[in-house]
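Only the coordinates and a few stated rules stand behind these numbers; no lab work does. Because the structure is a prediction, the values reported are computed rather than measured. Note: ideal-geometry Cβ built from the backbone for every residue, glycine included; neighbour counts use all protein chains shown.
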Amino acid sequence: MAESKGTEKVIIVGGGPAGYTAAIYAARAELEPLLFEGFEWGGQLQNTTDVENFPGFPEGIMGPEMMTKFREQAERFGTRFVTDDVEKLELSDGDLHRAVLGDETYEAHTVILAMGAEPRRLGIPGEMELTGRGVSTCGVCDGAFFKDRRTMVIGGGDSAMEDADFVSKFSSSLELVHRRDEFRASKIMQQRVEENPKITVRTPWIPEEFIAGDDGALAAVRLRKADNGEVEDFEVDGAFVAIGHIPRSELVTGQVDTDDGGYVKVEPGSTRTNLAGVFAVGDLVDHTYRQAVTAAGSGCQGALDSEWYLRDEGLGG
């Protein structure tokens, strides 16, 4: 039987911008938060190179360095860390919640869910090796790095259309590649892309490999024509994979309300889930923006909602 570690005021699950910001606010409110940051702490920013759009860093900052600073700030105010992955969450509606890790069980009056989301991958050769060296999953984050360069966006939904429209503002030319002739994107987004003189739509082409140049950066994308098998290497400097995200909600599926995409539902204007004392923040709930700064702001809201809940319930908030 798992050993109980005592009752916490707040447990935070997830070590990205949302989780660390929640920890900073909760710690400064003297809630003594316990943060399960996971083995892969830092979230998606741990795999990001230059971050130029987070306020306060006019010269830019490397993603891992920024996450280290977030973590150090949370630690400064008294956050305690468990650098391990929670194996099981047992959530209640207004009673104690439990996080299970091996033989140990941690109980808390409130839980802030900050597990984030991860971009869907194509799963083709060169994708992971060239991430940060020409391959990206965020046009808004990285589009400006490809000023006057040849670029490609891969995908067929609204996210792909948005990335294509945004990245084309900087690039000299852009190929929008989709494996089918028809797009899932809304008609208005398709029309915007079709009317953009910088964008060439290529369908139905299937990406098969990201190819590095002599300098180790992306040089070309190998595509195969879906209808006749024709293979062609398209020379590009940047490629953006925009085929959606997967919220990391598997720990809480069936306990808190989620939508059809697996994102945790929260009450409008708050971070409250359908369970009293359980809050959700960051990319775990965000279909739309998925930026470090919006995740951090959401983490702040989660900590404040948790503090107010503890206060109103007479639990020491």
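Values as computed for the structure displayed
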| quantity | calculated |
| --- | --- |
| Over the chain: helical MRE at 222 nm, DSSP H runs n ≥ 4 each giving -39500 (n - 2.57), nearest 500 | -6500 deg cm²/dmol |
| Mean Cα-pair separation over length for the chain, i.e. relative contact order, pairs under 8 Å, 6 or more apart, % | 22 percent |
| Cα-projected label distance for GLU250 with GLU87, points at 7 Å along beta-carbon direction, nm | 1.5 nm |
| Calculated FRET value between ASN228 and GLN46, using beta carbons and R₀ = 45 Å, to 0.05 | 0.65 |
| Along each principal axis, Cα extent of segment 121-241, largest first, Å | 39, 35, 23 |
| The chain: most fluctuating residue of ALA276, ALA74, ALA164 per GNM, C-alpha cutoff 10 Å | ALA276 |
| Amide H partners (placed H, <5 Å) of VAL256, local residues excluded | none |
| Tail beyond 24 Å, pair distance distribution of segment 1-93 (Cα, percent) | 26 percent |
| Cysteines without a disulfide-compatible partner [the chain; Cβ-Cβ under 4.7 Å] | CYS300 |
| Protection proxy ranking of 184-197, 126-139 - average other beta-carbon atoms within 10 Å, highest first | 126-139, 184-197 |
| Candidates per GluC sites (Glu not before Pro) in segment 24-82, loop by DSSP, up to 15 other Cβ within 10 Å | GLU30, GLU40, GLU52, GLU59 |
| Residue exposure sequence - PHE36, PHE234 - by fewest surrounding Cβ within 10 Å | PHE234, PHE36 |
| Ranked list, fewest to most other Cβ atoms within 10 Å of each Cβ, for SER306, SER298 | SER298, SER306 |
| Förster radius 51 Å - calculated FRET efficiency between GLN191 and GLN73 (Cβ-Cβ, nearest 0.05) | 0.70 |
| Centroid-to-centroid separation of segment 275-302 and segment 202-257 [C-alpha atoms, Å] | 27 Å |
| Rg ratio (alpha-carbon, reference 2.2 N^0.38 Å) - the chain | 1.09 |
| Antiparallel content of DSSP bridges confined to segment 37-178, in %, to 5 | 60 percent |
| Mean Kyte hydropathy of -1.0 or more with a Cα span along the axis of at least 18 Å, helices from DSSP in the chain | 292-312 |
| Normalised contact order of segment 121-241, rounded percent, pairs of Cα under 8 Å and 6 or more residues apart | 31 percent |
| Residues of type lysines that LYS88 reaches as a straight line, Cα spacing below 21 Å, ignoring anything fewer than 8 places off in the same chain | LYS5, LYS9, LYS265 |
